[in-house]
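Asks: Structure incoming, see below.
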Amino acid sequence: MTKYKFDRTYKAIVIGGSAGSFQGIVKILSALPVDFKIPIIMCLHRLKHVRNGFVEALSIKSIKPIEEPYDKQNIKFGKVYLAPANYHLAIELGNTFSLSTEEMNQNSRPSIDITLDSASYVFKEKLIGILLSGANKDGAWGMKRIKDHGGITLVQEPKECMIDTMPSAAIEQTKIDHILTINEIIEFLNALHVHIKTLN
Amino acid sequence: MYEIEISDIRKLSEIVKEKYDYDFTNYAISSFKRRIKRVLELYKFKSIAILIDKIKEDSVFFEEFVSEITVNVTEMFRDPSFWRELRDHIIPNILLNHDNISIWHAGCSSGEEVFSMAILLREMNMLHKAKIIATDIDKSIVEKAKKGVYSMKSMDLNTKNYIRFQGEQDLKDYYTVENQKIVMDPTLVEGVSYRVHDLVNGGVFNKFDLILCRNVMIYFNQKLQNMVLKKLHESIFKYSYLIIGSKESLIWCDIASKFIVVNNDEKIYKKIKD
Ligand SMILES: C[S@@+](CC[C@H](N)C(=O)[O-])C[C@H]1O[C@@H](n2cnc3c(N)ncnc32)[C@H](O)[C@@H]1O
C-alpha cells in the first residue's frame, strides 16, 4: 500500500523546473495514467526566443498531449499545460489562464514563482506544487505560498538533481511536505490518481 | 507577508475611476495585483490604503502610478516569423488594392514595434506610402517612444530578432550610438503620429488598413477584451487586418464571427463583416 495519504480532492498540480529537469519531467509525463484527471500545469525555464519545438520534445514520450495555453483559456480536467516561451503564466480566479510579458523574475520568463503564487491564490488547499532540478531560486517563494495556503508541496530529492539550487532553496524557505526522487513522485501521482478515482 | 485583497483592488479601481478618467476595474486580476504589489514595494507603502490616499491627493503621483501599473516590456521584431509574414504576404496584399496604407499601433509602449514596422516598410520601399499612428495609455512611455532612444543592453535581443526576421541590412544601419545609448534614425518615424490614447475609455477616432494590438489585451479580463475588440473592429476597414499577440486568441470573443483567421500561428485576422 502507499505511504501517501490524501483527504480531499485537488484542482491542479503545478510543476516547476529548470536546468536539469527535462529528463525528470519526461519520465513523469510518460508514467502518467491515461485517465489522470487533475490538470497539470508546467512552468519550465526555456529559451526565450524559441517559440516552437519544446512542446514537441516533451510530447514524444508523454502519455497525454501537451498544450501551451492561450490567454484567458479555461483550465480543463485531464489536460497537461506548458507555459509558453517568453510569457509568464498565471492562474486567474474563475479557472482561466492569464499571460503576461512583465519583467523577468529571477532572470526568468516564464517565472515559476508567478505560476505557483497565482495558482495558490486560486486553488488554495486544493493545489499540489512540485519543484524539480534547477540552477536558480525561482519557485522557492512560490512553494512557500502553496504551503501558506494549505496545499501540498513536493520537491525533487536534491541528491538526485543535476543542479540542486532550486529544490534546496525551497527546502530552506519552507517546511516542504515531501522530498522525493522522480520515481517516488511518480508513485505519489499514482496514489493520488487512485484516491481521486475513489472520490468519484 | 502583506496580502492584497481583491476587495482592496476593487476599492482602488473605483476611486481611480471616480477621480480620474481611467477605468482599471476590468483589468485581469492576477497581473493587476502583482503590479500593485510592485508599486507598494517601489514606494515603500505599507498598505494599499496608503496608496489609495496618495492617489486621491496627488494627481502628479497618479500619472506615475499609471506608468508603473502598465507593463511596458517590449522588443523590436518580437516574433520574427510574424514580421516576415507581414512583409511577405500581408502588406503586399494590402498594397495590391490601395495606394497607401494606414496603420495603428494600439499599445505601442516604448515604440520598438513602431520602429520595426518603419524598418520593414523602408526595406520594402513603402515607408512613404504609410500613415502610422502609435498610441498608448501611458504618457511617459509615449514620450519615450517619440525619442527613440534605447539602452545598449536591449539591442542584443533586438538584433537577434532582426536577424531572424531576415532583414536586408544590419540593424546597426538604423541607429547611432551616443553616450552609451542607442539613438534610432529619426527619419524612420518622422511621419509617425504618437498620441496618448486609452483603449478602454477612449473613442474610435479613425479607420485603418492594419491594426497591431499585441500583448495589450492580455492585461484585460474577458469582458474588457470584448469591449475593446468591438472598438478595434470598428476601427478597421472591411477586408483589412487585425493582429494580436502570438498567445492571444479571438476564438472566444463576441465578435469572432466578424473576422476570419488569415494566419493562426501569427494571430493575423481579417475583418469580413461590419
Ligand atoms: C506589453 S506592452 C506591448 C507592447 C508591444 N505592442 C509588444 O507587443 O511588444 C503593453 C502596452 O499596453 C499599454 N496599455 C495598457 N492598457 C492600455 C489601455 N487601456 N489603452 C492603451 N494602452 C494600454 C501599456 O501601457 C503597455 O505599454
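The values are calculated or read from the model by the stated rules, or taken from the named source; none is laboratory data. As the structure is a computational prediction, the values presented were derived from the model and not from experiment. Every residue, glycine among them, receives a Cβ derived from its backbone with ideal geometry; neighbour counts consider all protein chains shown. Accessible surface areas use protein heavy atoms only, side chains included; no ligands, DNA or RNA. Shrake-Rupley method; radii C 1.70, N 1.55, O 1.52, S 1.80 Å.
Asks: Name the single residue that is modelled with the highest pLDDT among those in region A:1-39 being in contact with an Asp or Glu (Cβ under 9 Å, 6 or more places away or on another chain) and either within 12 Å of A:Val80 (Cα to Cα) or of a type in the set (Lys, Arg) (or both).
Replies: Here the answer is A:Arg8.
Asks: Select from region A:97-107 the residues that are open to solvent by less than 10 Å² (accessible area, probe 1.4 Å) and assigned to a strand (DSSP E or B) and write down the one among them that is nearest to A:Ile63 (Cα to Cα).
Replies: Here the residue is A:Phe97.
Asks: Taking helices (runs of 4 or more DSSP H) that fall entirely within region B:1-90, which contain at least 2 residues that are more than 14 Å from every other protein chain (Cβ to nearest Cβ), within 15 Å of the ligand (Cβ to nearest atom) and open to solvent by 30 Å² or more (accessible area, probe 1.4 Å)?
Replies: Of the helices (runs of 4 or more DSSP H) lying wholly inside region B:1-90, those with at least 2 residues that are more than 14 Å from every other protein chain (Cβ to nearest Cβ), within 15 Å of the ligand (Cβ to nearest atom) and open to solvent by 30 Å² or more (accessible area, probe 1.4 Å) span B:59-69.
Asks: Filter region A:80-95 for residues that are open to solvent by 10 Å² or more (accessible area, probe 1.4 Å) and farther than 26 Å from B:Asn161 by Cα; which is farthest from the other protein chains (Cβ to nearest Cβ)?
Replies: Going through the qualifying residues, I end up with A:Asn95.
Asks: Say we look at region B:124-146 and pick out the residues that are within 10 Å of the ligand (Cβ to nearest atom) and part of a loop (DSSP other than H, G, I, E, B); which of these is farthest from the other protein chains (Cβ to nearest Cβ)?
Replies: Applying the filter and picking the extreme gives B:Ile137.
Asks: So which residues in region A:47-70 are under 19 Å from A:Ile112 (Cβ atoms) and within 13 Å of chain B (Cβ to nearest Cβ), if there are any at all?
Replies: A:Leu47, A:Lys48, A:Val50, A:Val55, A:Glu67, A:Glu68, A:Pro69, listed by residue number.
Asks: Moving to a separate point now. Test each condition in (1) of a type outside the set (A, V, I, L, M, F, W, C); (2) touching a Pro at 6+ places or on another chain (Cβ under 6 Å); (3) in a strand (DSSP E or B) for A:Thr153 and report the one that comes out false.
Replies: Failing condition for A:Thr153: (2).
Asks: Being out of contact with any strand residue (DSSP E or B) (no Cβ under 9 Å at 6 or more places or on another chain) and not small (Gly, Ala, Ser) is the filter; apply it to region A:66-79 and report the residue that is most open to solvent (accessible area, probe 1.4 Å).
Replies: My answer is A:Phe77.
Asks: Looking only at residues that are in a helix (DSSP H, G or I) and in contact with an Asp or Glu (Cβ under 8 Å, 6 or more places away or on another chain) in region B:211-254, which one is farthest from the other protein chains (Cβ to nearest Cβ)?
Replies: Within region B:211-254, the match that is farthest from the other protein chains (Cβ to nearest Cβ) is B:Lys230.
Asks: What residue, of B:Val177, B:Val204, B:Val192, B:Val183, is crowded, with 18+ Cβ neighbours inside 10 Å and more than 12 Å from the ligand (Cβ to nearest atom)?
Replies: Going through B:Val177, B:Val204, B:Val192, B:Val183 in turn, the sole match is B:Val192.
Asks: Residue by residue through region A:11-20, note down the ones that are on the phi < 0 side of the Ramachandran plot and open to solvent by 10 Å² or more (accessible area, probe 1.4 Å).
Replies: Passing the criteria: A:Lys11, A:Ser18, A:Ala19.
Asks: What pairs can you find where one residue is in region B:25-46 and assigned by TED's automatic domain parsing to the domain that holds B:Val228 and among the aliphatic types (A, V, I, L, M), the other is in a helix (DSSP H, G or I) and open to solvent by 30 Å² or more (accessible area, probe 1.4 Å), and their Cβ atoms are less than 6 Å apart, with a gap of 6+ or different chains?
Replies: none
Asks: If I ask for residues that are among the hydrophobic types (A, V, I, L, M, F, W, C) and out of contact with any strand residue (DSSP E or B) (no Cβ under 8 Å at 6 or more places or on another chain), which ones from region A:134-187 would you list?
Replies: Passing the criteria: A:Ala135, A:Trp141, A:Cys161, A:Met162, A:Ile163, A:Ala169, A:Ile186.
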